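Please treat every number below as a calculation from the coordinates, not as lab data. All values reported here derive from a predicted model rather than from experimental measurement. Backbone-built Cβ (ideal geometry, glycine too); neighbour counts: all protein chains shown.
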Amino acid sequence: MKKILAKIFLGITGWKIPVDEEQIQRMKHSVMVAAPHTSNWDFPFALAAFWKMGVDLRYFIKSEYTRGPFGWFFKWTGALGV
């Protein structure tokens, strides 16, 4: 499901993510730090890129975002509230 959503999103926006299986295998055991955010589009594009590559993404987010009406969405995307 996530790969399909990523493919649709990236296709609509015109982005292409070359998928190299060897690089993806190395990424499965890595840490990425993304700060500061330069726009509100950083999050959806990063999610789409990781989903398209099949990387199981986990990220830290303010714990308040994992509660309330949108908590399910952030948890579904891999959020870990801190």
Magnitude of the Cβ-charge dipole (Lys and Arg +1, Asp and Glu -1) of the chain about the Cα centre, nearest 20 debye, reported as 200 debye
Lys and Arg at +1, Asp and Glu at -1: neighbours of G81 with Cβ under 11 Å from its Cβ sum to +2
Summed over the other residues with a beta carbon less than 11 angstrom from that of W51, with K and R at +1 and D and E at -1, the charge totals +3
With G14 itself left out, Lys, Arg at +1 and Asp, Glu at -1 over residues whose Cβ is under 15 Å from its Cβ give +3
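Per the Cauchy relation, a quarter of the hull surface: what is the mean projected area of the convex hull of the alpha carbons in the chain, in nm²?
Working: hull surface 24.1 nm².
For the chain, the mean projected area of the Cα convex hull comes to 6.0 nm².
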As straight-line cross-link partners of K62, the qualifying aspartates and glutamates (C-alpha separation under 20 Å, not fewer than 8 residues apart within one chain) are D42
Of 31-42, 71-82, ordering from highest average Cβ density within 10 Å down gives 71-82, 31-42
